[in-house]
Amino acid sequence: MFGQLLLGVAGNGGVRRLVTGSSVSRPVVARFVAGDDVAAATAATRDLARDGIAVTLDRLGEDVTAPDQADETVAGYRDLVERLAAEGLAEGNEVSIKLSALGQGLGPDGPARATDRAHALVGHAYSRGVDVTVDMEDHTRVEDTLETVRTLRADFPRTGCVLQSMLRRTEGDVRDLARPGSRVRLVKGAYNEPPEVAHPAKADVDKAYVRALRTLLDGGAHAMVATHDLRIVKLAEELLAAGPAGSAEFQMLYGIRSPEQQRLAKHHAMRVYVPYGTDWYGYFSRRLAERPANLAFFARSLVAG
Ligand code: FDA
């Protein structure tokens, strides 16, 4: 409830200017964002690799307002992938993309053009041995995003898809995607959604997550268990110990529960979602909304600064 309220406030232009314009934001942002550029992203990749942790790199940016910005997104990912390959960091690592950064929201042919851009991006990444997962944004984009993933998977079957347990429709989507070879990142969902489409109670989101996880593993999919919820992590470890039909890896966000990331990496495949870039506002506000303590810390920094 508080998180939904905060996401509403974060959409206000004045709040955005206050937060992005304040010099005290930077150190707080740095907890969640690896840095401004590809060099920072590869440095974080190398650091995490020392602990046996793989990455999925996110070039920050979403909701572009013009086609040339969407083309820039593709070019930015191309640079990133080239850099990973040049530094011997391609194998086992991944990138995450948002279709709204590829122009999905730009007019009636936005979804088709975003699919074309994603196809070029994924093709290039594949050629360098880098996997791609398509992030899931708010519920209005789910149908188009799943359609894009279906198209991408026809040529690049390892393309990953994200499903959000908070959405009521996800139960059906999970059944469709719970197949051998299908890489599915399961998350709770980070967007401000109305009760018509999403479970309002956290307990129901959590229960839906566990049901979805069982469906993925029973169906033989590769489940990417993306959560910092230690009860769910424990349950997932128990399910894996029983030798399910599918396989799994754990995923967490950069800067959140690092000791647990290190512990998991000793026993399982572990991947950290590492965002980088200067367009951090949307990502950062979702991280604040997830945890009131983050907001309190940030608010204290703003006042003290
Ligand atoms: P929950 O919110 O219940 O948190 C469990 C515990 O984890 C908290 O009690 C707290 O201790 C800790 N925690 C959680 N969030 C924290 C934070 N911001 N700061 C500090 N501690 C925190 N969402 C989406 O809609 N589309 C997507 O594509 C993705 N992609 C994605 C990739 C990966 C790798 C992860 C881990 C998450 C996402 N998400 C996402 C975000 C996801 O939907 C969700 O909002 C967050 O993971 C928080 O939910 P938890 O599952 O961690 O549980």
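Values in this text are rule-based calculations from the coordinates and carry no lab data. From a predicted model like this one, the values you see are computed outputs, not experimental measurements. Here the Cβ positions follow ideal geometry from the backbone for every residue, glycine too, while neighbour counts run over all protein chains shown.
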Once phi for every residue in the range 248-257 is put through the Karplus expression 6.51 cos²θ - 1.76 cosθ + 1.60 (θ = phi - 60°), the whole-Hz ³J(HN,Hα) values, with Gly and Pro written as x, are 8, 9, 9, 9, 9, 8, 3, x, 10, 6
Rounded to the nearest 5, what % of DSSP beta bridges with both residues in the chain are antiparallel? 5
³J(HN,Hα), Karplus 6.51/-1.76/1.60, whole Hz, each residue of the range 170-178, x for Gly, Pro: 4, 3, x, 4, 4, 4, 5, 9, 7
I want the local charge near VAL95. Using Cβ-Cβ distances under 10 Å, sum +1 for each Lys or Arg and -1 for each Asp or Glu among the other residues. -2
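Given a cut-off of 25 Å, what percent of all Cα-Cα pairs of the chain lie beyond it?
Numbers: 22064 of 46360 pairs.
The answer is 48 percent, as a whole percent.
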First measure r as the distance between the Cβ atoms of ALA40 and GLU91, then evaluate 1/(1 + (r/R0)^6) with R0 = 30 Å and state the FRET efficiency to the nearest 0.05. 0.90
Quick one: which of LYS98/LYS188; LYS188/LYS234; LYS98/LYS234 span more than 25 angstrom between C-alpha atoms? LYS98/LYS234
Between VAL55 and residues 5 or more places away or on another chain, which pairs have amide H atoms under 5 Å apart, with H built 1.01 Å from N, and which residues are they? GLU94, VAL272
Using alpha-carbon positions, what is the distance between the centroids of the range 65-109 and the range 231-275, in Å? 26
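Given R₀ = 30 Å, FRET efficiency for LYS207-GLU260 by Cβ-Cβ distance, to 0.05? All intermediate terms of the calculation are to be shown ahead of the outcome.
On the way: r = 22 Å, r/R0 = 0.73.
Approximately 0.85, to the nearest 0.05.
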Can you list, bin by bin at 5 Å, the percent of alpha carbon pairs in the range 225-305, starting at 0? 3, 12, 20, 20, 16, 12, 8, 5, 2, 1, 0
Show me, for the range 71-76, the HN-Hα J-couplings you get by feeding each phi into the Karplus relation (A = 6.51, B = -1.76, C = 1.60, θ = phi - 60°), rounded to Hz, glycine and proline as x. 5, 4, 4, 4, 5, x
What nm value, rounded to one decimal, do you get for the distance between GLU196 and ARG158 when each label is placed 7 Å out toward the C-beta? 4.1
Taking 0.36 nm per residue of separation and subtracting the Cα-Cα distance, what length does fully extending ASP68 through ASN12 add? 17.7 nm
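R0 = 22 Å: FRET efficiency of ALA120 with THR140, Cβ-based, nearest 0.05? Please report the intermediate quantities before stating the final value.
Numbers: r = 25 Å, r/R0 = 1.12.
Efficiency, from the Cβ-Cβ distance: 0.35.
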